[in-house]
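These notes are about the structure you will find just below.
Bear in mind these aren't lab numbers, they're just calculated from the coordinates by the rules spelled out. All of these numbers come straight from a predicted model, not from anything done at the bench. Because the Cβ atoms are built from the backbone with ideal geometry, glycine has one as well, and the counts that use them run over all protein chains shown.
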Amino acid sequence: MNHYRIAVMAGDGIGPEIIPEGLETLQKLAELTGSFQIEVQEFDWGSARYLREGAMMPADGLTILEQGGFEAILLGPVGDPRVPDHITLWGLLLPIRQGLEQYVNLRPMRLLEGVQSPLAGKGPREIDMVCVRENVEGEYAGLGGRVYRGKPEEVAVQTTIFTRKGTERIMRFAFEYARTHGRKKVTSATKSNSMQYNMVFWDDVFKEVARDYPGVTAEQQLIDSLSARFVSKPESLDVIVASNLFGDILSDLGASISGSMGLAPSANLNPERRYPSLFQAIHGSAPDISGKGIANPVATIWSVQMLLDYLGESEAAAMLMRAIETVLREGKVHTPDLGGRSTTREMGEAIRAELGQPLKG
């Protein structure tokens, strides 16, 4: 029997409401399959800790995660109205992504049966994409600064960093993902008409990598028209590879046309498994509904499904995906973001009740 150590951070806002649903689902799958055991260690890292101690996580936080024997990390949403967003992001999530070399951000964008897309005439067959986002450099490299603060001559500089190593490996991951998952096309998001150095470099590397995958169609498109294509013709897209910023924006758009941000999972991967990978819903902490018990836990539970797939627990991962699909398709239990009245707990319980059930014709 496999044994896995999982680091868990509930995060802020609705995090303490949705993370328990993910953990309970994970533990039930361990019991049902009998193929693995889960050991959880919880950390109170987040905005509450920042307000209390002045730091989102301890100074040795990365060392704890790296040397703690963890296979994966499950993270809730991070963000608090009392703390500036750049502090919460750079105080926890981005240091973990960069420090643990989680250079792939994998985000499925899929409309499931039983969920209504805001796009008229578009159903599950038309919306089924995957965004492969570069996760540790690019626009979020963190290089820059401000001088002459508060003066008329104040200057702010933020430098985008594209390395050949970083650019090539994310593109190879996208093509390999397409090839191993039966997907036919990889689209590169670019803006090389106006960004004549870094994005032209991005385009050049994409063309080089694409030559090694003759069985996968390769195309590139400017980010502005690609965003419009997400809305007008999502069925023409399959796998999208994008820089840190472009991938962030596109995958949020993809989640929105898939019915709800509450359905959008993600995986921050270190493919070489030298460090633990991190799994999280891509939505925010939603302080406006925090404590009301109505947040949609599906994005977190789907992230658990991606965690299981990453661990190689294919039976449990497939069982969980079927349960998610069944509950949403039947429509008896839908949270308010999906037009229903169900609670967070009711949605989690409905999914767990489907686990291990025979396939429905």
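Things worth noting here:
- Other-chain or far-sequence residues with amide H under 5 Å of Phe279's (modelled H): Ile73, Leu74, Leu75, Asn268
- Net charge dipole size for the chain [Lys, Arg +1 and Asp, Glu -1 on Cβ; Debye, nearest 20]: 620 debye
- Ranking of Leu100, Leu311, Leu320, Leu237 by count of other Cβ atoms within 10 Å, fewest first: Leu311, Leu100, Leu237, Leu320
- Net dipole in debye of the stretch 209-361 [+1 Lys, Arg Cβ; -1 Asp, Glu Cβ; about Cα centre; nearest 20]: 300 debye
- Computed packing ranks the peptides 297-309, 207-219 as 297-309, 207-219, most packed first, by mean other Cβ atoms within 10 Å.
- Counted residue by residue at 0.36 nm each, then reduced by the alpha carbon distance between them, the extension gain from Ser314 to Ser227 reaches 28.0 nm.
- In sequence order, the stretch 290-304 has phi-based couplings of 4, x, 8, x, 10, 5, 7, x, 4, 4, 5, 5, 5, 5, 4 Hz under the Karplus curve 6.51 cos²θ - 1.76 cosθ + 1.60, θ = phi - 60°, and Gly or Pro positions carry x.
- Value of Rg to Rh for the stretch 217-361 (Rh from inverse mean 1/r over Cα pairs, i.e. Kirkwood): 0.99
- Per the Kirkwood formula applied to alpha carbons, the stretch 62-195 shows a radius of gyration over Rh ratio, Rg over Rh, of 1.03.
- Cross-link partners for Lys184 among the aspartates and glutamates, with Cα-Cα distance under 14 Å and sequence neighbours closer than 8 places in the same chain left out: Asp128, Glu176, Glu219, Glu235, Asp238.
- Kirkwood hydrodynamic radius of the stretch 117-258, from inverse mean 1/r over distinct Cα pairs, in Å: 16.1 Å
- Separation between Cα centres of the stretch 281-295 and the stretch 1-74, rounded to whole Å: 18 Å
- Of all lysines in the structure, the ones whose alpha carbon falls short of 19 Å from that of Lys332, not counting any fewer than 8 places away in one chain, are Lys360.
- When the Cα atoms of the stretch 266-319 are aligned to their principal axes, the ranges along those axes come out at 39, 25, 12 Å in descending order.
- A cut-off of 5 Å between modelled amide H atoms, ignoring neighbours fewer than 5 places along the same chain, links Ala141 with Ile161.
- When the C-alpha to C-alpha distance is required to be over 22 Å, the pairs from Lys165/Lys233; Lys122/Lys292; Lys165/Lys191; Lys165/Lys207 that qualify are Lys165/Lys233; Lys122/Lys292.
- Note on the chain: semi-axes of the ellipsoid equivalent to its C-alpha gyration tensor, largest first and rounded to whole Å, are 31, 26, 21.
- ³J(HN,Hα) computed for each position of the stretch 311-321 - Karplus, 6.51 cos²θ - 1.76 cosθ + 1.60, integer Hz, glycine/proline x: 6, x, 8, 5, 5, 5, 4, 5, 4, 5, 5
- The stretch 1-132, relative contact order [Cα under 8 Å, separation at least 6], %: 27 percent
- Residue-wise HN-Hα coupling along the stretch 111-123, computed from phi with Karplus coefficients 6.51, -1.76, 1.60 (Hz; x: Gly, Pro): 7, 8, 4, x, 10, 9, 7, x, 7, 5, x, 10, x
- The stretch 277-348: translational diffusion in µm²/s, Stokes-Einstein, Kirkwood Rh over Cα pairs, 10 °C, 1.306 mPa s: 122 µm²/s
- Each stretch of four or more DSSP H residues adds -39500 (n - 2.57); spread over every residue of the chain, this sum gives -12000 deg cm²/dmol at 222 nm.
- In terms of the mean number of neighbouring beta-carbon atoms within 10 Å, the peptides 253-261, 1-9 order highest first as 253-261, 1-9.
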